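Below is one structure, written out as C-alpha cells, with a few remarks after it.
Only the coordinates and a few stated rules stand behind these numbers; no lab work does. As the structure is a prediction and not an experimental result, all values here were calculated from the model. Don't worry about glycine lacking a Cβ; one is built from the backbone with ideal geometry, like all the others, and counts go over all protein chains shown.
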Amino acid sequence: MNYRNLTREERELISRIISYQPLAKPIGMTLTIGDRAKVLFPDGTLEFARDQKGLPGKQNYYPVEAQFLDTDGVPVNALIFFIDNEVSMLEILKADGSEISRKPGPEEWEIIDLSY
C-alpha cells in the first residue's frame, strides 16, 4: 500500500471534526493534518504519513466523531486519532460491518461530541 494525496472531501471531513472543540473536555491544542495517507480499508479508513515518523508516541482518540446514515439506515462513523498533535488515522466504521453504499459530502456528516 502506497501513500497518496488526500482528497478534498477527506481533508474537509477531518477538518470539520477537529475544528469542533469538545464541550466537556476542550482539547486546547491544534492538530495538524498531513498531506499524504494510505488506505487501510476500502471503507475509507486512512493511515497518515507522519512528519515525526519512527519516533514513539501515544495514539489518542479525538473525543468528537462524525456520523451519517447509509442508504440502508445503518449509521457510519468517522473517528480521528492523533499522535503528538498530528492526525495519525481517520477510521470509518459502519455499525453492522457491511459495505458502505454511499460517500456523503463532508457537510452531510453530523458532528457528535463524545466528551461527556
Between Tyr3 and Asp113, what is the label-to-label distance in nm when each label sits 7 Å out along the Cα-to-Cβ direction? 3.4 nm
Counting Lys and Arg as +1 and Asp and Glu as -1, each charge on the Cβ, what is the dipole of the chain about the Cα centre in debye, to the nearest 20? 460 debye
Relative to the compact globular guide of 2.2 N^0.38 Å, what is the alpha carbon radius of gyration of region 63-116, as a ratio? 1.19
What aspartates and glutamates could a cross-link reach from Lys103, if we take a straight Cα to Cα line under 18 Å and drop same-chain neighbours fewer than 8 places away? Glu9, Glu10, Glu12, Asp43, Glu65, Asp70, Asp72, Glu91
Percent relative contact order of the chain, based on C-alpha pairs within less than 8 angstrom and at least six residues apart? 30 percent
Considering every pair of different Cα atoms, what Kirkwood radius, in Å, is found for the chain? 14.6 Å
Give me the extension gain from Gln59 to Val74: residue separation times 0.36 nm, minus the current Cα-Cα distance, reported in nm with one decimal. 2.6 nm
